[in-house]
Amino acid sequence: MSKEEEKAKEYNVMLQKYINKKSYVKIFRTICDEEGNLSGFILGMSRNFLFLQLDNEFTLDGYAVIKLDDFDSIRHSNYERTRRKIFHAEGLLTNGYGFENRLPLTSWADILKTLKKYDIHVIIENIKNGSLDFWIGPITRVAEKSMSIQNYDPAGNLDDKATIIKLDTISVIQFGDRYSTTFRKYLKKRTK
């Protein structure tokens, strides 16, 4: 076994340990020269993806899927251990922890098809022309190499046409957060 394969195996063992112990972690990411850090609990991993349950000020607030090789580092220090203790003391690791449905971590297409089937609105960050784009709304189509999302603006106006996103440009998919699950009830077609 090469040094790189040994290092990858050790890394996977560490990630699996975080999953098994319900460890709170901070994942440092740099996307298009911008920080895109995520904090929460790793619920699952595959050869290609990490599946996280995110937090927002000591509440469990949605999920994210990122590529396994799309982050700079993971921190699990005294700071994260303290946060986990607070989540535990507040009862959040037994009430609201986890994802109740099955989510295949095999490909972006499989993940998106499953989220579409569950009728979950998503937040997609993708890289286009060297910068980060942001889209939020229902998934309207998933194909082998692309997907479509009917984006909405901060006023709740749905775009007339769906936006097509190439799957290989996706940086992160987020869903199940309080913002998108609440706002989806108040969306409207754009008035002309």
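What value does the chain have for Rg/Rh, both radii from Cα atoms and Rh as Kirkwood defines it?
A ratio of 0.98.
In whole percent, how big is the carbon plus sulfur part of the accessible area of the chain, probe 1.4 Å, protein atoms only?
Of all accessible area on the chain, carbon and sulfur atoms account for 48 percent.
What's the ranking of 177-188, 23-34 by average number of surrounding C-beta atoms within 10 Å, highest first?
23-34, 177-188
Please list 3J(HN,Hα) in residue order for region 117-134, calculated via the Karplus relation 6.51 cos²θ - 1.76 cosθ + 1.60 where θ = phi - 60°; whole Hz, with x for glycine and proline.
4, 7, 6, 9, 6, 10, 10, 10, 10, 9, 9, 9, 6, x, 10, 8, 9, 9
Among the listed pairs LYS113/LYS166; LYS161/LYS189; LYS26/LYS166, which are separated by more than 21 Å between their Cα atoms?
LYS26/LYS166
Using alpha carbons only, how many angstrom separate the centre of region 61-98 from the centre of region 163-187?
One Cα centre to the other: 21 Å.
How much area per residue is accessible in the chain when the probe is 1.4 Å and only protein heavy atoms are counted (Å²)?
Per residue, the chain has 59 Å² of solvent-accessible surface.
Between rounded, prolate and oblate, where does region 108-192 land on the alpha carbon gyration tensor, with a ≥ b ≥ c its root eigenvalues, rounded for a/c under 1.5, else prolate if a/b exceeds b/c?
In terms of gyration-tensor shape, prolate.
Let me check against my output: what whole-number percent is the relative contact order of region 1-158, with C-alpha pairs under 8 Å and at least 6 apart?
Answer for region 1-158 is 15 percent.
Quick one: which residues, 5 or more positions from VAL122 or on another chain, have an amide H under 5 Å from its amide H? H modelled 1.01 Å from N in the peptide plane, none for Pro or chain starts.
GLY137, ILE139
How would ILE86, ILE120 rank on accessible area, largest to smallest, probe 1.4 Å?
Listed by decreasing accessible area, they come as ILE86, ILE120.
The values are calculated or read from the model by the stated rules, or taken from the named source; none is laboratory data. The structure displayed is predicted, hence computed values, not measured ones. Note: ideal-geometry Cβ built from the backbone for every residue, glycine included; neighbour counts use all protein chains shown. Just the protein is used for accessible areas: all its heavy atoms, side chains included, with ligands, DNA and RNA removed. Shrake-Rupley method; radii C 1.70, N 1.55, O 1.52, S 1.80 Å.
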